[in-house]
């Protein structure tokens, strides 16, 4: 069995704070003509529930394909950043991709904004932002998410705010340029470009419904010029927050929503101020891998672009409840196998596919819908498995989540998440030792051969798994 405590699985990074790429490589992937298929099911983890007869949503869901991967592979429990930490998707993905978030994290705003389609330059600041409902008389943010369904009106309101910042004098009065781009659901990216802007500030989001709108301020501990720039930037952000309210509250869309008894989207909460990260590209961090990503969710797409992953769009993949996971899987497969254009067969050997809807169900407290989207995710994975098998294409599958999002809590929690790694080319009849004894994919059964480990160890494990399972020809059936 594999073990994270095994000397053969020693971590790539001897120094966790190192900015240098690891010495080990993934060259066996090309040598053995392997494609790595990494499926990230956002928020898949859960706690057991009386509503589900003491099971988790993952245990109660019908997942024959992930169960098959569990039976034919190695299983374990992953703490995305560290044990006991309820992490965000951005820091979790950074850790799993091999970038220590405590060293490299510069705020989630830049990821959301880049993922939404805005380019960022050094000196720009950006925010992960929500359309929300605010009561100016009480200063209470009544709903942090005015509505999840902003696909039609979100782009209109974003374009309007950006236009009003220019035409209404905000940019000129504050010597800056404000850019606003719709992302998904209730989210948008807000970028501010200008001189001497500081990312060392808080935001305006209270993070919980029915609390007061927060005043943006410099983070604690700043002095001198840093404090001066942060104070000026904070003042600008507070002014921007109120300017946006003045534009939205009078917009025809909100007047109509009010008539229809819908929540007004009368303010944008500015959260997670971020600047560009400066890190080695993914292909340098993991020599031998050439990555492609399908991730409609802006914050994940922005992180992928920030580390040099090729980002691809798939029709029908929306990053919300409307998503068509079969279309998403088919598009992902097409790009990973290079079937989009002649001659692209070897362009990518590592594919990352992100599924968001499962996380949304946890935030919405919808047990049945979470179970449904887990099952839809399983069906997509089953399609990928079949297509690789049809083509006799050697593939390594990795399936996991970036954190738990229990329906009881309506938010991220700290429990570890299950992880599978399985290869379709293994001759398990001859070498059963290449799989552990786990029979299904869930939080309880995941006590497999990998043990418990942190996100930063994932690619160490993947590399060693590939090296071991390809080290002898009779390990492989094709």
Within segment 255-274, which residues are touching a helix residue (DSSP H, G or I) at 6+ places or on another chain (Cβ under 6 Å) and either part of a loop (DSSP other than H, G, I, E, B) or free of Cβ contacts under 8 Å to residues at least 24 places away in the same chain (or both)?
264, 266
For residue 250, are the conditions met, namely being over 17 Å from the mean Cα position of the chain (by Cα), within 22 Å of residue 133 (Cβ to Cβ) and assigned to a loop (DSSP other than H, G, I, E, B)?
yes
Is it the case that residue 215 is farther than 22 Å from residue 40 by Cα, without any contact (Cβ under 8 Å) to a residue 12 or more places away in the chain and surrounded by fewer than 18 Cβ atoms within 10 Å (Cβ to Cβ)?
no
Within segment 321-337, considering residues that are surrounded by 19 or more Cβ atoms within 10 Å (Cβ to Cβ) and farther than 25 Å from residue 282 by Cα, the one modelled with the lowest pLDDT
323
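A quick yes/no check of all residues on (1) part of a loop (DSSP other than H, G, I, E, B); (2) in the same structural domain as residue 286 (by TED's automatic domain parsing):
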| residue | (1), (2) |
| --- | --- |
| 85 | yes, yes |
| 121 | yes, no |
| 126 | no, no |
| 129 | no, no |
| 132 | no, no |
So which residues in segment 12-31 are at pLDDT 90 or above and surrounded by 14 or more Cβ atoms within 10 Å (Cβ to Cβ), if there are any at all?
26, 29
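Test residue 348 against the criterion of being in a loop (DSSP other than H, G, I, E, B) and at pLDDT below 95, and give yes or no.
Against the criterion (in a loop (DSSP other than H, G, I, E, B) and at pLDDT below 95), residue 348 does not qualify.
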Please go through (1) at pLDDT below 95; (2) outside the structural domain of residue 184 (by TED's automatic domain parsing); (3) within 26 Å of residue 178 (Cβ to Cβ) for residue 304 and return the number of the only condition it doesn't satisfy.
(1)
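Within segment 266-284, identify whether any single residue is more than 22 Å from the chain's Cα centre (by Cα) and surrounded by 23 or more Cβ atoms within 10 Å (Cβ to Cβ), and answer yes or no.
Of segment 266-284, the ones more than 22 Å from the chain's Cα centre (by Cα) are 266-267.
Filter once more, so that each one left must be surrounded by 23 or more Cβ atoms within 10 Å (Cβ to Cβ): 266-267.
Yes, some residue in segment 266-284 is more than 22 Å from the chain's Cα centre (by Cα) and surrounded by 23 or more Cβ atoms within 10 Å (Cβ to Cβ).
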Among all residue pairs at least 6 apart or on different chains, which show Cβ distances below 7 Å where the first residue, located in segment 240-251, is assigned by TED's automatic domain parsing to the domain that holds residue 217 and the second is in a helix (DSSP H, G or I) and surrounded by fewer than 19 Cβ atoms within 10 Å (Cβ to Cβ)?
247/160; 251/160
On the basis of being assigned by TED's automatic domain parsing to the domain that holds residue 40, buried (at least 23 other Cβ atoms within 10 Å of the Cβ) and farther than 18 Å from residue 38 by Cα, does residue 415 make the cut?
no
If residue 152 passes every condition in (1) surrounded by fewer than 19 Cβ atoms within 10 Å (Cβ to Cβ); (2) closer than 18 Å to residue 112 by Cβ; (3) out of contact with any helix residue (DSSP H, G or I) (no Cβ under 9 Å at 6 or more places or on another chain) but one, which one does it miss?
(2)
From 336, 303, which residue is touching a strand residue (DSSP E or B) at 6+ places or on another chain (Cβ under 6 Å) and either under 22 Å from residue 186 (Cβ atoms) or part of a helix (DSSP H, G or I) (or both)?
336
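Do we find that residue 210 is on the phi > 0 side of the Ramachandran plot and outside the structural domain of residue 361 (by TED's automatic domain parsing) in this structure?
On the way: on the phi > 0 side of the Ramachandran plot: yes; outside the structural domain of residue 361 (by TED's automatic domain parsing): yes.
Criteria met by residue 210.
Might you check whether a residue that is within 30 Å of residue 35 (Cα to Cα), surrounded by 16 or more Cβ atoms within 10 Å (Cβ to Cβ) and in contact with a strand residue (DSSP E or B) (Cβ under 6 Å, 6 or more places away or on another chain) occurs anywhere in segment 231-244? Steps first, answer last, please.
From segment 231-244, those within 30 Å of residue 35 (Cα to Cα) are none; that's our starting set.
Scanning segment 231-244, I find no residue that is within 30 Å of residue 35 (Cα to Cα), surrounded by 16 or more Cβ atoms within 10 Å (Cβ to Cβ) and in contact with a strand residue (DSSP E or B) (Cβ under 6 Å, 6 or more places away or on another chain), so the answer is no.
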Among the residues of segment 28-77, the number that are over 21 Å from the mean Cα position of the chain (by Cα), part of a strand (DSSP E or B) and within 19 Å of residue 375 (Cβ to Cβ) is 2
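The values are calculated or read from the model by the stated rules, or taken from the named source; none is laboratory data. Every value quoted in this text rests on a predicted model; they were computed, and no experiment measured them. Please note: Cβ atoms are built from the backbone with ideal geometry, for glycine as well, and neighbour counts cover all protein chains shown.
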